[in-house]
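FYI, it's all coordinate maths here, none of it is from the lab. Everything quoted here is computed from the prediction, not taken from an experiment. Cβ: placed from backbone, ideal geometry, glycine included. Neighbour counts: every protein chain shown.
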Amino acid sequence: MSTVNLEYKVAKEDFSKAGEASSAIKKTLKKLGVNSKIIRRVAIVTYEAEMNIVIHSFGGKIYVEIDTEKIKIIARDTGPGIPDTEKALEVGYSTATHQVRELGFGAGMGLPNIQRCSDEFSIESIVEDYTQVESTIYIQ
């Protein structure tokens with residue numbers, strides 16, 4: 001398999017399209033014959049990243065690079081950034097608004113779920129600029 005690169009634009013507060021990128025990524029991985037356990041982990045990472053962009057940012061993109069050894073996911077947004085990334089990684093910590101919580105989102109599980117499903121994980125955030133989350137999941 002040669003390297004496959006995917007890119008998806010994610011809009012701020014567009015709950016009607018939330019999840020479309022992660023669904024498309026999942027379909028692509030199925031077509032490529034990736035193991036279902038790996039697909040599930042990638043789907044969780046990409047869905048949580050997508051929802052974080054929808055809920056917390058001014059919009060962003062999800063990039064996926066698939067090769068024979070690994071799947072690398074980069075979610076990058078523009079926006080308020082995260083003042084305390086260590087705090088944001090705590091289970092249950094959320095800055096989601098009341099309206100977002102009423103929709104059933106914002107439980108504070110996004111980043112912890114991404115970290116848990118990743119073989120390699122990193123987060124970089126600059127307040128009033130951007131947040132970038134990187135996740136690598138090994139296929140082998």
Notebook entry, point to check: Looking only at 29, 89, 103, which one moves most when the chain is put into a Gaussian network model with springs between Cα atoms under 10 Å?
Noted result: 103
Item checked: Over 23 Å (Cα to Cα) - which of 37/70; 26/72; 26/87; 12/70 fall in this group -> 26/87; 12/70
Notebook entry, point to check: Considering only the other residues whose Cβ falls under 13 Å of the Cβ of residue 115, what net charge follows from Lys and Arg at +1 and Asp and Glu at -1?
Noted result: -4
Margin query: Suppose every Lys and Arg Cβ carries +1 and every Asp and Glu Cβ carries -1, with no other charges. What dipole size does segment 4-138 come out with about its Cα centre, to the nearest 20 debye?
Written below: 740 debye
Margin query: Which of 18, 49, 96 ends up with the largest GNM mean-square fluctuation for the chain, with Cα atoms connected below 10 Å?
Written below: 96
